[in-house]
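**Student:** This is the structure I have questions about; it appears just below.
The values are calculated or read from the model by the stated rules, or taken from the named source; none is laboratory data. Only a predicted model underlies this, so the values are computations on that prediction, with no experimental measurement involved. Ideal geometry is used to build each Cβ from the backbone, glycine not excepted, and the neighbour counts take in all protein chains shown. Keep in mind that these areas ignore ligands, DNA and RNA; they rest on the heavy atoms of the full protein, side chains included. Shrake-Rupley method; radii C 1.70, N 1.55, O 1.52, S 1.80 Å.
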Amino acid sequence: MQFTDKEKTTVMEQLSRLKETLGDLLLPDDEAKIHLLIEEALRNDQIQLNVFGLNPMVFGLQTAQIAIDEIGLKREGVLAIIIYSCQISEYRSTEEIASMFGEGVAHIIHGLQRIQQLYMKSPSVESENFRNLLISFAEDMRVILIMIADRVNLMRQIRDTDREEEKQRVSEEASYLYAPLAHKLGLYKLKSELEDLSLKYLEHDAYYMIKDKLNATKRARDAYIERFIGPIETKLRESGLKFHMKGRTKSIHSIWQKMKKQKCGFEGIYDLFAIRIIIDAPVEKEKMQCWQAFSIITDMYQPNPKRMRDWLSVPKSNGYESLHITVLGPENKWVEVQIRTERMDEVAERGLAAHWRYKGIKGDSGIDDWLSNIRAALESNDDLQMMDQFKMDLYEDEVFVFTPKGDLLKFPKGATVLDFAYHIHSNVGNRCVGGRINDKMVPVREPLRSGDTVEVLTSNSQKPKQDWLGIVKTSRAKSKIRLALKETQVKDGLFAKEMLERRFKNRKIEMEEATMSHLIHKMGFKETRDFYKQLAEEKLDPNEVIEKYIEVRDHDQGNAPQVPTRSAGEFTYANPDEEITRRNDDVLVIDQNLRGIDFQLAKCCNPIYGDKIFGFVTINGGIKVHRADCPNAPELRRRFGYRMVRAKWSGKGSSQYAITLRVVGNDDIGIVNNITNIISKEEKIVMRSINIDSHDGLFGGILVVLLDDTSRLEALIKKLRTVKGVKQVERL
């Protein structure tokens, strides 16, 4: 492209101004290298006008000046802007740029290129997710700052363009993307300019209506400001403070927002301006002199205590420090007064914080922390050589991916293609067989990475699997998989039950529910559905089930074949290798069918089947059976060790044992009901009594239940501990 004479003059002026501003920060051969690259780009016709017909080199130099003046960027940021804006980076590799200007410049340019690729990828950039992904893609915080400067410059340049559609798109992005970023960084001046210009281009009539009314009332407003600040100025000077004052009219955008919020016309907005008192004070006396000015003003004019804002004692999370008061001025008009120092005003206008104090609520992924460090870095490190500590350590808990249509979705780190599928729809997840990430085929367990475009592949023959619960990361996907597995299990169970009933009919056997229930439990199934599930999965042979059914039925009806009595000589010791150390000890075998030995279960510890036990010979010759961990066991062993006999359960009978549980938890509504519901749903467990005592927000419950062995007891305790609010469950 050919430069016009005006453009040539502008380029030379801008280069000279940048060189003067940066001064010693530029390396000796930086200028020569930049000239060389630009001349090469011009010879090869690499520099092309942008979509608005703007010369990219002129535009880049203007952006660089904004980045220096308004934000405080230095050498690396400025060189990166020039090289990127002039499209030099499109034919020069990152390695070449790094060797010429250093790794810092190359790193910034790489970040700008990644952002450009992201823009090309996503047609929907208005979402909060896109703003977060934008930050995570930038890698270097200076990329975000350059993007804000670039958008401010662009908004200034497109006033007279005839590309209305592009102009609207750029203005909308300035409003919902760049202005909030500038605000978070404390770049209030740039934020206000972006908001005003976007309003000017997007809501032309509203902008000019407010602007015209402000102009019409300017003379009266200025006269009132003079009447208000005159007496204050005199008093402040008499107190010995060094300061200057100015009246600041609120931005057109903020006035328009107030009009919409308060649903009133321009005349209904009273606080159109604020008075700013900027004190020239040493750092150690800043707060003292600000409060001194506050005292002088509130002595002169009545303050409104409800509208006082003290950001002096505790600055805002973005570093803003100031005292705001609203006082009743002449003609009974409320006037906002802002009191701050020169340093605080610099922070507020340009966002360069001398002392960063972050006290806000942490963002989900540390964005606020990351952005909050930017100004501190700019202030404490002019050369920005220590940027490594601020590189993106963000989103260690989140990833952002695109759908094929360009919608942006957020997932926790570690989420997989299967999570993505279930996020789209339950049916898509249930039929997912894999995916395509960035046009590459991947399995369902492939983890998602920020910036990926993900497409789900499905098959009508696919069904949810139990191991999918270990693949997905999101609770949404887990719950949908569990629901699908339950539905599948119910369908498969009904199918298996119907199949078994047909087999029974074929063999002309009537299937009775009671006998079937007995069989299922005898086979070790706690839940009937688990039995039919295994039948559906062909883990059980229907013919074997029928044979066992016949055995159980005949036994229950007393038709079981008689088994001849066997001699004791036919039996062998079950554990021949077990070492018996005390051969003279008596071993008591406790059996529910035992006869001839008088024994009782001790009330002090209530042993049940499965507990480790011992026998204790009482004075009347009977035997009390205690748990091995009975609280009385140590004393019995010490005093009456000779009366203790070994004991064990020989086999499980049909008895139920009373055990006592203590439950402690928060005294929440419904917690007792939840506990009793769990017990009532357990088979072969009967609750005999429950005693509840509540005190200071805690309840203590003593439960007595009947059950048949320790395995059921352990399962019950485990379930009770899962009840929300329960803190402790123990056997007494």
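**Student:** Let me cross-check Trp291: its accessible surface, 1.4 Å probe, with only protein heavy atoms counted, in Å² to the nearest 10?
**Tutor:** About 90 Å², ignoring ligands and nucleic acids.
**Student:** Would you mind checking which residues have amide H under 5 Å from Ala415's amide H? H placed 1.01 Å from N; only 5 or more apart, or other chain.
**Tutor:** Counting only residues 5 or more places away or on other chains, the set is Leu448.
**Student:** Then there is this: Between Cys604 and Lys440, what is the spin-label point distance in nm, taking each point 7 Å from the Cα along the Cα→C-beta axis?
**Tutor:** Label at Cys604, label at Lys440, 7.0 nm between them.
**Student:** Take the alpha-carbon centre of region 1-70, take the same for region 172-196, and report the distance between them in whole Å.
**Tutor:** Taking the Cα centre of region 172-196 as reference, the centre of region 1-70 is 25 Å away.
**Student:** Quick one: which of Lys8/Lys184; Lys246/Lys333; Lys624/Lys718; Lys440/Lys473; Lys497/Lys522 span more than 26 angstrom between C-alpha atoms?
**Tutor:** Flagged as over cut-off: Lys8/Lys184; Lys624/Lys718.
**Student:** At a Förster radius of 25 Å, what calculated FRET efficiency corresponds to the Cβ-Cβ distance of Glu40 and Lys6, to the nearest 0.05?
**Tutor:** Working: r = 23 Å, r/R0 = 0.93.
Computed FRET efficiency for Glu40 and Lys6: 0.60.
**Student:** Please compute the modelled spin-label separation between Arg639 and Glu487, points set 7 Å along Cα→Cβ, answer in nm with one decimal.
**Tutor:** 6.6 nm
**Student:** Also, I was wondering about something else. Sorted by accessible area (1.4 Å probe), largest first, how do Asp554, Asp419 line up?
**Tutor:** Largest accessible area first, the residues go Asp554, Asp419.
**Student:** Probe radius 1.4 Å, ligands and nucleic acids left out: which of Thr488, Thr515, Thr249 has the largest accessible area, and how do the rest follow?
**Tutor:** So, going from the largest accessible area down, we get Thr249, Thr488, Thr515.
**Student:** Using θ = phi - 60° and the Karplus curve 6.51 cos²θ - 1.76 cosθ + 1.60, what whole-Hz ³J(HN,Hα) does each residue of region 237-249 get, with Gly and Pro shown as x?
**Tutor:** Along region 237-249, the couplings run 5, 4, 7, x, 7, 9, 6, 9, 10, 8, x, 10, 6 Hz.
**Student:** Using a 7 Å offset from Cα along Cα-Cβ at Arg227, what residues in region 318-348 end up with backbone N under 16 Å from the label point?
**Tutor:** 328-336
**Student:** Which pairs, out of Lys526/Lys548; Lys213/Lys260; Lys491/Lys684; Lys218/Lys261; Lys526/Lys648, put more than 19 Å between their alpha-carbon atoms?
**Tutor:** Lys491/Lys684; Lys218/Lys261; Lys526/Lys648
**Student:** Do any GluC sites (Glu not before Pro) in region 455-511 lie in a loop, going by DSSP, with at most 14 other beta-carbon atoms within 10 Å of their beta carbon, and if so which?
**Tutor:** Answer by residue number: Glu510.
**Student:** Moving on. Leu698 versus Phe52, label points 7 Å from Cα toward the beta carbon: distance in nm?
**Tutor:** Label at Leu698, label at Phe52, 6.7 nm between them.
**Student:** While we're here: Work out, step by step, the length gained on full extension between Leu25 and Asn304: first 0.36 nm times the residue separation, then minus their alpha carbon distance; give nm to one decimal.
**Tutor:** Numbers: separation 279, 0.36 × 279 = 100.44 nm, distance 4.91 nm.
Length difference between fully extended and current span is 95.5 nm.
**Student:** Under 11 Å from a point 7 Å along the Cα-to-Cβ line of Lys285: which residues of region 307-332 have their amide N that close?
**Tutor:** Nothing falls inside the zone, counting backbone N under 11 Å.
**Student:** Determine how large the accessible area of Arg639 is when every protein chain is in place; take a 1.4 Å probe and give Å² rounded to the nearest 10.
**Tutor:** Near enough 130 Å² of accessible area.
**Student:** Pull up all non-local amide H partners of Lys612: gap of 5 or more, or a different chain, and H-to-H distance under 5 Å with H placed in the peptide plane.
**Tutor:** Under 5 Å from the amide H of Lys612 lie the amide H atoms of Ala628, each far enough along the sequence or on another chain.
**Student:** Order Asp693, Asp222 by their accessible area, 1.4 angstrom probe, all chains in place, largest first.
**Tutor:** Descending order: Asp693, Asp222.
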